[in-house]
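Colleague: Below is one structure. I have some questions about it.
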Amino acid sequence: MGFGRRNQPACLRTEMLNVQMNNTPSNDIKPTAPKILMKFKRGKTLLDTGEGLRSCKLHSWPYVTRKDFANFSVRYIELEGKHPWMKTTINDRVYYVLSGKGSFTVGNEFTRVKPTDVILVPKETPYKFSGSLKLLLVQTPAFDPKYEYMLDSKTKEWKLVPYQDRM
């Protein structure tokens, strides 16, 4: 087994590095169970069901928030329906599709999504998504509601997202 094989979890690559630095032959390395890096923090839904969100059921819970780590945040999201256009002015986003089917429109690009798909959304880029989806969202730097905007369907203006808890 060689050092840094890409198909192994990062925790195993780190252990191999530590073992090899101690001059232990790499074939003596035994895989170990990955360590739990994050625990699910079940809370109430973050988004208000106000204007713009009537066309979907959206539930979102944090794994890591900016209170835990300022450089990134992680959320679990469940969506049924159509999420309206939104954008953030501070962070880049990576959505990982855990289950379900749906679609994303990022800027002018439309794509259908299925489990294991990854969607990249650069900051300042309008996007929307729809379907029956369970997603993992990683944001860098960490999520901050002061920089979240939703397109008002009537006025076509960007408005601050109506979060229940401004954190």
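Colleague: Starting from residues that are of a type in the set (Gly, Ala, Ser) and outside any strand (DSSP E or B), keep the ones in the stretch 95-148 and report whichever is modelled with the highest pLDDT.
Modeller: Looking at residues that are of a type in the set (Gly, Ala, Ser) and outside any strand (DSSP E or B), I get Gly107.
Colleague: Examine the stretch 151-163 for a residue that is under 14 Å from Leu58 (Cβ atoms), crowded, with 19+ Cβ neighbours inside 10 Å and not β-branched (Val, Ile, Thr), and state whether such a residue exists.
Modeller: no
Colleague: So which of Thr88, Thr111 is crowded, with 16+ Cβ neighbours inside 10 Å and of a type in the set (S, T, N, Q)?
Modeller: Exactly one of Thr88, Thr111 is crowded, with 16+ Cβ neighbours inside 10 Å and of a type in the set (S, T, N, Q), namely Thr88.
Colleague: Say whether the condition of being in contact with a helix residue (DSSP H, G or I) (Cβ under 7 Å, 6 or more places away or on another chain), of a type in the set (Ser, Thr, Tyr) and within 22 Å of Val161 (Cα to Cα) is met by at least one residue in the stretch 81-99.
Modeller: Yes, the stretch 81-99 contains at least one residue that is in contact with a helix residue (DSSP H, G or I) (Cβ under 7 Å, 6 or more places away or on another chain), of a type in the set (Ser, Thr, Tyr) and within 22 Å of Val161 (Cα to Cα).
Colleague: Does at least one position in the stretch 74-87 carry a residue that is farther than 20 Å from Lys57 by Cα, part of a strand (DSSP E or B) and either touching a residue at least 24 places away in the same chain (Cβ under 8 Å) or not assigned by TED's automatic domain parsing to the domain that holds Tyr147 (or both)?
Modeller: No, every residue in the stretch 74-87 fails to be farther than 20 Å from Lys57 by Cα, part of a strand (DSSP E or B) and either touching a residue at least 24 places away in the same chain (Cβ under 8 Å) or not assigned by TED's automatic domain parsing to the domain that holds Tyr147 (or both).
Colleague: What pairs come out if I take residues in the stretch 108-130 that are assigned by TED's automatic domain parsing to the domain that holds Thr88 and more than 22 Å from Lys57 (Cα to Cα) and pair them with residues that are of a type in the set (Gly, Ala, Ser) and not in a strand (DSSP E or B) whose C-beta lies under 6 Å away, six or more apart or interchain?
Modeller: Thr125/Gly107
Colleague: Another question about this same structure. Is there a residue being assigned by TED's automatic domain parsing to the domain that holds Thr89, more than 19 Å from Val74 (Cβ to Cβ), touching a residue at least 24 places away in the same chain (Cβ under 8 Å) and surrounded by 15 or more Cβ atoms within 10 Å (Cβ to Cβ) anywhere in the stretch 132-141?
Modeller: No: zero hits.
The values are calculated or read from the model by the stated rules, or taken from the named source; none is laboratory data. The shown structure was predicted, so the numbers you read here are calculated from the model rather than taken from an experiment. With ideal geometry, Cβ positions are generated from the backbone for all residues, glycine too; neighbour counts draw on all protein chains shown.
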